1. Suppose R0 equals 60 Å. What FRET efficiency, 1/(1 + (r/R0)^6) with r the Cβ-Cβ distance, do LEU180 and LEU408 give to the nearest 0.05?
2. For ARG115 and ASN34, what does the FRET efficiency come to when R0 = 25 Å and r is the distance between their Cβ atoms, rounded to the nearest 0.05?
3. Cα atoms only, segment 23-89: Rg and Dmax in Å?
4. Roughly what angle does helix 364-376 make with the longest principal axis of the chain, taking Cα atoms, 0 to 90 degrees, to the nearest 10?
5. Using amide H atoms built 1.01 Å from N in the peptide plane, name the residues 5+ places from ARG264, or on other chains, whose amide H lies under 5 Å from its own.
6. Using the basic label-point model (7 angstrom from Cα toward the beta carbon), what is the ALA49 to SER222 distance in nanometres?
7. Calculate what fraction, in whole %, of the accessible area of segment 151-240 sits on carbon and sulfur atoms when a 1.4 Å probe is rolled over the protein chains.
8. Label VAL66 and SER294 with points 7 Å out from Cα along Cα→Cβ: what is the distance between them in nm?
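The values are calculated or read from the model by the stated rules, or taken from the named source; none is laboratory data. On a predicted model such as this, the values are computed, not experimentally measured, just so you know. Glycine also receives a Cβ, built like all others from the backbone with ideal geometry; neighbour counts cover every protein chain displayed. Surface areas here come from the heavy atoms of the whole protein model, side chains and all, with no ligands, DNA or RNA. Shrake-Rupley method; radii C 1.70, N 1.55, O 1.52, S 1.80 Å.
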Amino acid sequence: MAKLIDILNALVRELDETHGPDGLVTRIDGYLPNFVMTRSGVERHFSKAAQTEVAALAGRLFNDRVTYREAMRVTELAQLLRSCIADLHADGLFATTPAEEKAHLKLLNRELEERLKGMTLPFGHGFPATTLRLEDKGPYQVGPVDIRSVRAWLETVTLSDWEYKHHGIAPDSNWKAELLDILSATTRLSRPEVPAHLQTFADALHNCDAVVSVAVLGLEQSYSREIARMVARTAIDGISLLSSRGRNAFSQQALSDERLQPLRLNSMVVFKGEQWVGGQWSDRAIPSPPAGLSERVFQNGKLHTSLCDVVGSLLDGRSHTHPKLAMRWAAALDWYAEGCRETSTSVAVTKLAAALDVLTCGRTEYGITQMLANLLGRAATESVFQGVPDSLKHIVDAIYGGGRSQLLHGSKVDRRVAFDSERSQAQALGHLALVSLLKRLASYTGPDEDIAFITMPP
């Protein structure tokens, strides 16, 4: 395996051969234009060979140094490397630094460390969302996640001079009140004409009830947004779970960029030569009754506190006593939420079964049955649903073996076959498992191991 210094020196030589003494490109054959505008105002072009060396260097640095792995993905590191190397080469620093004794590598490391300080500043990310309207009573938190109404969020917004100029907003204008008037006049189907200076804000907040905010420290900006989105989504999906409103809650409460049902379901039918057009609101558009909602979510303090701990651990694993299990629970919730939002019953069963599979670390039917029997406090041979004589083991086999496995492996491909019963049962068992394990995780003192959920005690 080539040494880091050898990879870097080969990259520097390739740049030397691609550019003349005046910095202009002397060799452009055999590659599509791929260049960086450097801080000195000149271009540095990367040939195919140079691009290969950058990728190799980024991969090695990413694997060898935990600092980079914690701050960004390998793709962002490659972009950062490309920019640093282009600047150093254009500034002539590689040419004036001896190539021996890893001097080039030391030069690059200093540049990377300096850039990293500026890239990993605290970033606060906001995500517009449709919600169950819990925030109407006031902002609330789920661990590091802040959820507040659009009105309350706007009160916290401060624009820089550049942003006022960029959006064309007069600093002394009452633009927030103007925006709220536009948003409040918005229907679920249309909205009034929006002035150009408020277009960006109106586009972001259209048909949204709240803004979900997460502050992230120590990560590159695009990576920090990806992590913040994951944390925000876990928080609101966790609230949907605790609301006990079934799968409709997951359709009504989600980040605005989620794949959701349309607000209105339309039908066009021809009968006896005549066209009939109709429609109805989808579950997503029908308001969820507020009665008892806040009590279910917040007054069971142990569950809400445990959810806050899990969400917090996604930003900092050191904050939880069992970070591996917290991550596993959150991953299972992700599958469960997607299963609840899914419109196809067969695909929904697959996703809901995947949630149970994640909780048991892939122990298939046996592990899922064992976990559910432990949570229910009954034998696998006993029935679990009132009016349904089938045993727990039989139901799990139908959901996982007859459902998920055969659907994924292509044994069942007739899309006319509905899986309504399996979906309903998988959803109920998934809800039971996630809520019960969230409660048990709060007081669990055993090892932080992947299979712990299967036998986790009360």
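1. The computed FRET efficiency comes out at 0.80.
2. Once the sixth-power term is evaluated, E becomes 0.80.
3. Over segment 23-89's Cα set, Rg and Dmax evaluate to 12.9, 39 Å.
4. 60 degrees
5. Close amide H contacts, sequence-distant or interchain: SER282.
6. 2.8 nm
7. It is 52 percent, rounded to a whole number.
8. Roughly 4.4 nm, to one decimal.
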